[in-house]
1. Condition first: without any contact (Cβ under 8 Å) to a residue 12 or more places away in the chain and either more than 30 Å from H109 (Cβ to Cβ) or not assigned by TED's automatic domain parsing to the domain that holds H82 (or both). Now tell me which residues in the range 13-55 satisfy that.
2. Has the range 159-170 got at least one residue that is in a strand (DSSP E or B), of a type outside the set (A, V, I, L, M, F, W, C) and over 13 Å from L110 (Cβ atoms)?
Amino acid sequence: MSETKLVAQLRSTTGSPAARRLRAEGHIPGVIYGQGMSPVSVTVERRELRLALSGPAGSNTVLALQVDGKSYPAVVKEMQRHPVKRAVSHIDFLQVNMNEEITVSVPLHLVGEAKAVIAEGGLVDKAVDTIEVSCTPNDMPNSFDVDISHMHPHDVVRLSDLTMPKGVTALGDPDMPIVTVLVTSAAEAAEAAAAPAEGGADGAAAGAAEATDTSE
C-alpha cells in the first residue's frame with residue numbers, strides 16, 4: 001500500500017483560545033503519538049487533510065506525515081467533530097510500523113438490491129457501520145462489501161459470514177449480526193394472518209369430526 005503525503009506544522013501553543021484561532025484560520029489542531037516516541041502537537045490544513053483522506057481508504061489511509069523535516073507513517077486514530085457543524089475540531093494521528101498489526105475499523109457497505117425483501121415490504125438494515133479488524137497497515141482493506149441481492153425476509157448476515165482477506169482478522173463475536181432485515185408491522189400482520197388461515201380449515205374440520213364422534 002502506497003502512503004499519501006500530508007504536511008503538518010509543529011504547534012507551539014495549546015489551549016482552547018489557540019485552538020479556536022487555528023480553526024478560524026483553516027487549520028486543525030492535532031497530535032501524533034506512537035510506540036517509542038513522545039507525543040508531538042501539530043496542525044494540518046483542513047483542505048489538505050480532506051484531500052489526503054479522499055481516496056478509497058478514506059480515514060484509514062496510510063499517511064506519510066511530514067513534520068519538521070521528519071516523515072512518520074501514520075493513520076488517523078480519532079477525529080473529534082463539532083457537535084452541531086460536524087466539522088473536524090481535533091485529530092489524533094497514530095504512528096505505525098508497516099509490518100506490525102494494528103486495530104482499525106473498516107467501513108461496511110451494502111451492494112445490490114434485495115428485491116425479495118422489498119416485495120414483502122421489508123428493509124435491509126446495517127446493524128453496524130464498521131467492522132473492527134486486526135491487520136498490518138499494508139493489509140488494511142478499504143471496505144467490506146455485502147451483496148444483499150439474495151436476501152429474504154428474516155435473513156441475517158453475521159460477522160462469521162464475511163470473508164476476510166489474507167492477513168486480516170475480524171475482532172468480535174462471530175455470531176454478531178451485521179446485516180438484518182426489518183419487516184414492517186403491516187407486513188408482519190399480513191404474514192401472521194395468513195398462517196392461521198391455513199390451519200383454520202383443518203381445525204374446523206377436526207372440530208366438526210370431534211363433534212360427530214361425541215354425538216354418537
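The values are calculated or read from the model by the stated rules, or taken from the named source; none is laboratory data. Note that the structure is a prediction, hence the values are computed from the model and not measured. Neighbour counts are summed over all protein chains in view; Cβ atoms, including those assigned to glycine, are modelled from backbone coordinates with ideal geometry.
1. T13, G15, S16, P17, A18, R20, R21, A24, E25, G36, S38, P39
2. yes
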